[in-house]
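Heads up: the structure comes next, in structure tokens.
Every read-out reported here was derived from the displayed coordinates using simple, explicitly stated rules and does not represent laboratory data. None of the values given here were measured: they were computed from a predicted structure. Don't worry about glycine lacking a Cβ; one is built from the backbone with ideal geometry, like all the others, and counts go over all protein chains shown.
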Amino acid sequence: MKSEIYQVENNDNPIFITVTVSTPGIAETEVTKYLTDGSYIIIANSPNATGIIPRTLLGTAKDLVGKSIEIDTDIYLDHIPKDDWPACYKNLQIKYYLEGGKKEQQQPFLCLPADKHKSASGKTIGAEKFIDITL
């Protein structure tokens, strides 16, 4: 899976993330920061069944350089009519906003077809987005 790139300056600017989910269902989102040694830190979990991550501090720009951020969202379609599951997957809409980095970057990052996944039954859909932090 290809990562998106978010550029920062080598300074102490705080870098924040916000995630919005606009697809119906019961959603959960987790934001994970991968360190250069291969270890990871879970930064945030969505606080309710919407999958939304409110504005959350990832760290300072210089501390994030060379790190990767993974945003994993799963949406459970239990209460959605089964006939609508394919449309929910096709129209899956998740937006990822980062702030505090270099100006004039694409915002928001969007859920791309390559990011999307679904269970064999189609009852669970979601996306896994990777964003690399670079200078």
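Here is a check on your reading of the model: is residue 95 in contact (Cβ under 8 Å) with a residue 24 or more places away in the chain and assigned to a strand (DSSP E or B)? Yes: the conditions hold for residue 95.
Scanning the stretch 56-82 for residues that are among the aliphatic types (A, V, I, L, M) and in a loop (DSSP other than H, G, I, E, B), which turns out farthest from residue 123 (Cα to Cα)? Selected residue: 65. Looking across the stretch 110-128, the residues that are over 30 Å from residue 62 (Cα atoms) and either more than 11 Å from the chain's Cα centre (by Cα) or in a loop (DSSP other than H, G, I, E, B) (or both) come down to 113, 116, 117, 118, 119, 120, 121, 122, 123, 124, 125. Of all residues in the stretch 98-109, those satisfying the criterion of being surrounded by 19 or more Cβ atoms within 10 Å (Cβ to Cβ) and in a strand (DSSP E or B) are 98, 109. Of the residues in the stretch 90-102, none is among the small types (Gly, Ala, Ser) and out of contact with any helix residue (DSSP H, G or I) (no Cβ under 7 Å at 6 or more places or on another chain).
Take the residues in the stretch 1-29 that are buried (at least 18 other Cβ atoms within 10 Å of the Cβ) and hydrophobic (A, V, I, L, M, F, W, C); name whichever of them is nearest to the chain's Cα centre (by Cα). Only one residue tops the list, namely 19. Among the criteria (1) within 15 Å of residue 22 (Cβ to Cβ); (2) surrounded by 19 or more Cβ atoms within 10 Å (Cβ to Cβ), the one residue 87 does not fulfil is (2). Restricted to the stretch 30-51, and to residues there that are among the small types (Gly, Ala, Ser) and surrounded by fewer than 16 Cβ atoms within 10 Å (Cβ to Cβ), the residue that is nearest to residue 91 (Cα to Cα) is 49.
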